[in-house]
1. Can you give the FRET efficiency to the nearest 0.05 for residue 226 and residue 98, using r as the Cβ-Cβ distance and R₀ = 30 Å?
2. Quick one: order 161, 118, 185 by neighbouring beta-carbon count within 10 Å, fewest to most.
3. Can you compute the FRET efficiency between residue 166 and residue 296 using 1/(1 + (r/R0)^6), with r the Cβ-Cβ distance and R0 = 25 Å? Round to the nearest 0.05.
4. When you have a sec, figure out the Kirkwood radius of region 173-261 from all distinct Cα pair distances and drop it here in Å to one decimal?
5. Å³ per residue of the Cα convex hull, for region 128-305?
6. Counting other beta carbons within 10 Å of each residue's own, what order do 176, 75, 188 fall into, fewest first?
7. How big is region 70-111 in terms of Cα radius of gyration and Dmax, in angstroms?
8. To make sure I understand, if each residue's beta carbon is the centre and we count other beta carbons within 10 Å, what order do 69, 200, 243 fall in, fewest to most?
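Coordinate-derived values only; no laboratory data. These figures come from a predicted structure and were not determined experimentally. Cβ placement follows ideal geometry from the backbone for every residue including glycine, while neighbour counts extend to all protein chains displayed.
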């Protein structure tokens, strides 16, 4: 979930950037600038070609991305080394981020993402138009199949859950939460989207994956994932056969925009004891029909007007 949430920090990040930006010009130089344009802004535009680039803001976003991509908390020295920053510069940025609650200090003076990002990420998810458009279809599907239904989008090498519908008479609660994420290779949602992306995007995504086994059934290599994606293309749906969590099976299918690109995926999840391998074809039939109904709603739209939550991967 972490990297997706790090990108929604907004105004809080701007405050952090202001606090973290080093003062590179003496005070006397500030008296000499002409007109409303600040010297630092002019220098940024001249060196980067963009009037909107803020060095401090870029730095704190990069730190959030680094912490989000790490499987554990990081020390100041590790952050400095991985980002090629001076200790004093990194320390100022970390103090500003900690003050705003976007990161928090773990034991032994190590740093990790703060819970404020989780709250902000959830608010961002609530505002995603894609979720609002698909929610009625997901509710109907959950009633029809009697299992948990998820909606997810791709962000880099992870799939982010942007909606979840629990069946009314649920027997087991699935542990996923809206706003969190899981690796693309171990989820039916991730494989359903990845299988129908352009080949160059598939190759780029797979090359960035660091494969970690969650269960004995987790795909362990790029070759295994490529084979799984080929099966998804052949039958039109994907399966997470206890690859993310033992005892849980999921079936996924893609949602397409008017340009026939996969923009999201829907999955049906349940305990493996109830959602058995024998049930998968029937579940997949209902799921594919639901995704086709959703996709047809994009059929008359200009592809450029269709919201793509995974943009910027």
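1. On the way: r = 42 Å, r/R0 = 1.39.
Plugging the Cβ-Cβ distance into 1/(1 + (r/R0)^6) gives 0.10.
2. Starting with the residue having the fewest Cβ neighbours, the order is 118, 161, 185.
3. Working: r = 26 Å, r/R0 = 1.04.
Computed FRET efficiency for residue 166 and residue 296 comes out at 0.45.
4. On the way: mean 1/r = 0.0744 Å⁻¹.
Result for region 173-261 stands at 13.4 Å.
5. Numbers: hull volume 19.2 nm³, N = 178.
Value for region 128-305: 108 Å³ per residue.
6. With the sparsest Cβ surroundings first, the list reads 75, 176, 188.
7. 9.8, 25
8. Going from sparsest to densest Cβ surroundings: 200, 69, 243.
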